[in-house]
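In what follows, a single structure is set out as structure tokens and then discussed.
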Amino acid sequence: MHEMAICLGIIQIVEEELRHRSFSRVRSVCLEMGALSHAAPEAIRFCFAVVATRTVAEGAVLNIVELPGVAWCMSCSKSIEIARRGERCPCCGSYQLQVTAGEQMRVKELEID
Amino acid sequence: MCTVCGCTEGTPSTECAKTHDAESHARYYTHVQDDCDRHYAHPHGDQGLQRSYHARDSHSHHHRSVHHQAHGGQALLSGGAGPAALKVTGMSRERVIQIERDILGKNNGIAADNRALFVADDLLVFNLVSSPGAGKTTLLVRAVSELKRSRPVGVIEGDQQTSSDAERIRAAGVSAIQVNTGKGCHLDAAVIGEAYRRLPRLTGGILFIENVGNLVCPAAFDLGEACKIVVLSITEGEDKPLKYPDMFAASSLMVINKIDLAPLLEFDLGKTIEYARRVSPKIDVLVVSARTGEGFGELYAWIDRQARHQRHVVEDKRR
Ligand SMILES: [Zn+2]
């Protein structure tokens, strides 16, 4: 369950922000997660509630913006969307794909009081 | 609320993805274009492929003003009203701050430090990953007992509880540090940095990191290694690369172990390699038996090529 470690990372980022600006609580956290990142949004949601307990983000709403995976097909030279690795190119059927986007896991913004 | 997409608690993202339609997206993007000249960090409208997914009703008009302020005013703002209402106080104490930070940024920073240290110490570092029981430790014991004849070798053993693996490595005559992760399912860069400082100097040699047996979690964490090596035993079946594609994609080499058992099992080597190349077209593949030593000559040759490659990279940098 590395999603636990990932959520700890989110809380660490929130607490670093708290050191730079004053706020009393975090109402919501907005994440950006690529379809090819190393975590499942459902698992992140589950872990976040646990990890946020007794922090400034306790009870905060987690919003996750999911971004598609994008790959470059080396066979037909097209940029295509893929939901996970190991899928074939929808245009030509090739597996010769180079992932170009959709690996990110970022904290985009916080809504604070 | 996210000022970019307007997602609220009522619109979980999976639902967003389903209800998103291109038309509302296009409409939204146009109004942002009109109003906002600082939307470089905005995930919308980047040739359609970078777009994020939204519920249709999140693109309502009140959203636009919050959005606009967030971009134009950089950070602090009172939400829920248009720019003209900014002076009205007491309406809401909500503020939205844009932070745009990578969740794994801290680990990746430490990993970069580790990598710089390893390169400065002229040390080649491999991060070995596999599912439990693939035979990593047996493979390592054989490899280190032979590699130590020609260069310094050390091992960092990651294990959830025991220290028996490190003892097996030490019995083979090389330094080993055991890292117990407890309930942790992976090693991280900070733990490796600390463990490395406790090892004797291995200048010009090789450091193996044996990660926790788990094909999911360790894929996410860069430790500062030169590359990951995924070990797969033929008893696990051909479809492991498709079931755990992220790990195979993160690895430079797939070592197929326990090939001595092939006569006893129905195992399709070609299929396994094909599946691995579906997720990682350029992955190298070696077939070995840690029990009999079959294929280890090729493994050492591969390691030597990696050592030469790292040396070239370092020399190029110095030039
Ligand atoms: Zn194609």
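The values are calculated or read from the model by the stated rules, or taken from the named source; none is laboratory data. A quick note: this is a predicted structure, and the numbers were derived from the prediction, not measured. With ligands, DNA and RNA removed, areas are computed over all heavy atoms of the protein, side chains included. Shrake-Rupley method; radii C 1.70, N 1.55, O 1.52, S 1.80 Å.
Computed on chain A, the Cα convex hull volume stands at 98 Å³ per residue.
How would you classify segment B:146-286 from its alpha-carbon gyration tensor, with a ≥ b ≥ c the square roots of the eigenvalues: rounded for a/c under 1.5, else prolate if a/b is greater than b/c, otherwise oblate? Since a/c reaches 1.5 and a/b is larger than b/c, the shape of segment B:146-286 is classed as prolate. Amide H contacts of B:SER233 (H built 1.01 Å from N, in plane; Pro and chain starts excluded): B:ASN257 sit under 5 Å, all sequence-distant by 5 or more or on other chains. Here the contact order of segment B:117-266, divided by its residue count and restricted to Cα pairs under 8 Å and six or more residues apart, works out to 32 percent.
Between the Cα long axis of helix A:2-20 and the first principal axis of chain A there is an angle of about 50°, rounded to the nearest 10. Legend: distances between Cα atoms for B:LYS106/B:LYS228; B:LYS136/B:LYS271; B:LYS228/B:LYS271; B:LYS183/B:LYS258; pairs beyond 25 Å are B:LYS183/B:LYS258. The angle between the Cα long axis of helix A:41-52 and the main principal axis of chain A comes to about 20°, on a 0 to 90 degree scale. Converting phi to 3J(HN,Hα) with the Karplus coefficients 6.51, -1.76 and 1.60 and the offset θ = phi - 60°, segment B:198-210 yields 8, 7, x, 5, 10, 3, x, x, 10, 10, 9, 10, 8 Hz in sequence order, with x at every glycine or proline. Computed over the Cα atoms of segment A:23-75, pair by distinct pair, the Kirkwood hydrodynamic radius stands at 12.6 angstrom. For chain A, the solvent-accessible area of protein heavy atoms averages 42 Å² per residue (probe radius 1.4 Å; ligands and nucleic acids excluded). For a straight C-alpha distance cut-off of 18 angstrom, the aspartates and glutamates reachable from A:LYS78 (same-chain residues fewer than eight places away being disregarded) are A:GLU87, B:ASP46.
Shape class for segment B:267-319: oblate, because the ratio a/c of the largest to smallest gyration tensor axis (alpha-carbon atoms, square roots of eigenvalues) is 1.5 or more and b/c is at least a/b.
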